[in-house]
Amino acid sequence: MSLALGKHLKAELLRVMRAAVQELVSNNYVESKCEAVLREMRKCCARYPEGRSICCSGFEREEREKRQAAASEGIPPPPQ
């Protein structure tokens, strides 16, 4: 990953993270009222290299747990 791309992704992640925090605070941390901004954050995190951002670690853990559960049920993982 080039340095410029890394800076661009980091700036985008910070922008999306700020929006998510503001949305959660303004909605008293009721996630169901913040689905759009959380979905945008999840999409942004999917573009960021795994393990490189503490902001995305919760989403990464959720995805790992989903893959592990699917594998234990014999469901093949989705293509990456």
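The values are calculated or read from the model by the stated rules, or taken from the named source; none is laboratory data. A quick note: this is a predicted structure, and the numbers were derived from the prediction, not measured. Cβ coordinates were reconstructed from backbone atoms using ideal geometry, including for glycine residues, and neighbour counts include every protein chain displayed.
Pairs please, first residue from the stretch 47-63 and under 20 Å from Glu35 (Cα atoms), second anywhere and of a type in the set (Val, Ile, Thr), Cβ atoms under 9 Å, 6+ apart in sequence or on different chains.
Cys55/Val16
Given the structure, is Cys44 in contact with a Phe, Trp or Tyr (Cβ under 6 Å, 6 or more places away or on another chain), hydrophobic (A, V, I, L, M, F, W, C) and in a helix (DSSP H, G or I)?
No.
Which residues, taken from the stretch 57-80, are within 17 Å of the chain's Cα centre (by Cα) and either at pLDDT 85 or above or among the basic types (Lys, Arg) (or both)?
Answer for the stretch 57-80, where residues must be within 17 Å of the chain's Cα centre (by Cα) and either at pLDDT 85 or above or among the basic types (Lys, Arg) (or both): Ser57, Gly58, Phe59, Glu60, Arg61, Glu62, Glu63, Arg64, Glu65, Lys66, Arg67.
So, Glu50, is that one assigned to a loop (DSSP other than H, G, I, E, B) and at pLDDT below 90 or not?
yes
Of the residues Ser57, Ser32, which single one is part of a helix (DSSP H, G or I), surrounded by 13 or more Cβ atoms within 10 Å (Cβ to Cβ) and of a type in the set (S, T, N, Q)?
Just a single option satisfies the conditions, and that option is Ser57.
Could you list, in sequence order, the residues of the stretch 1-29 that are polar (S, T, N, Q) and loosely packed, with under 13 Cβ neighbours inside 10 Å?
Of everything in the stretch 1-29, those that are polar (S, T, N, Q) and loosely packed, with under 13 Cβ neighbours inside 10 Å turn out to be Ser2, Gln22, Ser26, Asn28.
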